[in-house]
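The values are calculated or read from the model by the stated rules, or taken from the named source; none is laboratory data. Keep in mind that what you see is a predicted model, and the values were worked out from it rather than measured. Note that we place each Cβ from the backbone using ideal geometry, even for glycine, and neighbour counts take in every protein chain shown. Areas reflect the complete protein model, heavy atoms only, side chains present, ligands, DNA and RNA absent. Shrake-Rupley method; radii C 1.70, N 1.55, O 1.52, S 1.80 Å.
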Amino acid sequence: MTVRINPSILSADFVNLERELGTIASADLVHVDVMDNHFVPNLTFGPQMVGRIQDVSTLPLDVHLMISDADRWAPGYAELGVFSVTFHAEAASDPVALARKLRQIGARAGIAVKPGTPIDPYLELLTEFDQLLVMTVEPGFGGQSFMTDMMPKLRLARAAVDKSGLDVWLQVDGGINHDTIAVAAEAGASTFVAGSSVFGSPDRAAQIDVLRRAAAAHSH
Ligand code: DX5
Ligand code: ZN
């Protein structure tokens, strides 16, 4: 399985973002956390900032929307030309219609579930999504501890994706480091978001390499 490492710029220096992006050039995608201080109790940036990141990034953007009323706001992010837009199941009133709209605009469509949200309903709808994001922390902040008890949910999703034969990426986000990435890879994740473990490291390229090797050694 192809392993993808997506550093989350939530843990980067926002004042020097272009320079920070240069330090993660060996990653696969840039994970961009959009928070509205409503769906989650934290605030990051909106479409104007994401548009500028899209302008300067050499890597494709993996936008994670932690915002309310995704039906209304998510299409605007796809229109920026980003590679992937993932919205939360809890924040969308019609996830299938929204995913179709994102794809129609030209982005990959992802759906995310918080730790307390079952993934089962979306496993019946796999043709509608390009990515499933199983949160392994409560969304809102970097630097929290990985929730091992999300692994049964991940295994369920992996079994459904494999059975479907579709190229749906299975992403984990929250508390990923050189130890927990092995656990998540073993449970079936293929795409790994890592914020503090990459940006907290003095040598980001080396850390990306460590994460990639650990994931590859445990994925199947
Ligand atoms: C959390 C964000 C994550 C965050 C992960 O709500 O969605 O992407 O940056 O940070 P770490 O890797 O530090 O848990
Ligand atoms: Zn995220």
Cα gyration tensor category, rounded, prolate or oblate, for the range 9-67 with a/c compared to 1.5:
prolate
Can you list the HN-Hα couplings for the range 7-19, worked out from phi with the Karplus curve (6.51, -1.76, 1.60; θ = phi - 60°), rounded to whole Hz and with x for Gly and Pro?
x, 9, 6, 4, 9, 8, 7, 4, 7, 10, 4, 5, 5
Distribution of pairwise C-alpha distances over the range 95-220, 5 Å bins, in %:
2, 12, 21, 22, 19, 14, 8, 2, 0
The ³J(HN,Hα) series, computed from each phi in the range 191-203 with the Karplus coefficients 6.51, -1.76 and 1.60 at θ = phi - 60°, rounded to the nearest Hz and given as x for glycine or proline, is 10, 10, 8, 9, x, 5, 6, 8, 6, x, 9, x, 10
Per the Kirkwood formula on distinct C-alpha pairs, the Rh of the range 170-220 is how many angstrom?
10.6 Å
For the pair F14 and E79, the simple spin-label estimate (label points 7 Å beyond Cα toward Cβ) gives in nm 2.4 nm
Principal axis dimensions, the chain - Cα atoms, whole angstrom, descending:
42, 38, 29
Mean separation of Cα contacts under 8 Å (at least 6 apart) over the residue count of the chain, i.e. the relative contact order in percent, is 21 percent
Between H220 and Q144, take the C-beta separation as r, use R0 = 35 Å, and let me know the FRET efficiency to the nearest 0.05.
0.80
Extension gain from D55 to H38, taking 0.36 nm per residue of separation minus the Cα-Cα distance
3.4 nm
Please give, to one decimal in nm, the separation of the simple spin-label points placed at D120 and Q104, each 7 Å out from Cα toward the Cβ.
3.2 nm
Output the relative contact order of the range 129-207, whole-number percent, from Cα pairs under 8 angstrom with separation of 6+ residues.
34 percent
First check a/c for the range 40-167, with a ≥ b ≥ c the square roots of the eigenvalues of its C-alpha gyration tensor; if it is under 1.5, answer rounded, and if not, answer prolate when a/b is larger than b/c or oblate otherwise.
oblate
Report the Cα-based extents of the range 90-147 along its three principal axes, largest first, to the nearest Å.
36, 22, 18
Which residues in the range 189-220 have a backbone N closer than 20 Å to a point placed 7 Å from the Cα of T2 along the Cα-to-Cβ line?
189-194, 208-220
Solvent exposure of the range 62-106 as accessible area per residue, Å², 1.4 Å probe
41 Å²
The range 182-202 versus the range 18-81: alpha-carbon centroid distance in Å:
18 Å
Shape of the range 40-112 from its Cα gyration tensor (a ≥ b ≥ c, root eigenvalues): rounded if a/c is under 1.5, otherwise prolate when a/b > b/c, or oblate?
oblate
Let me check I've understood the local charge: for A99, count other residues with C-beta under 12 angstrom from its C-beta, Lys and Arg +1, Asp and Glu -1. What total comes out?
0
Could you rank the peptides 169-178, 70-79 by their average count of other C-beta atoms within 10 Å per residue, with the highest value first?
169-178, 70-79
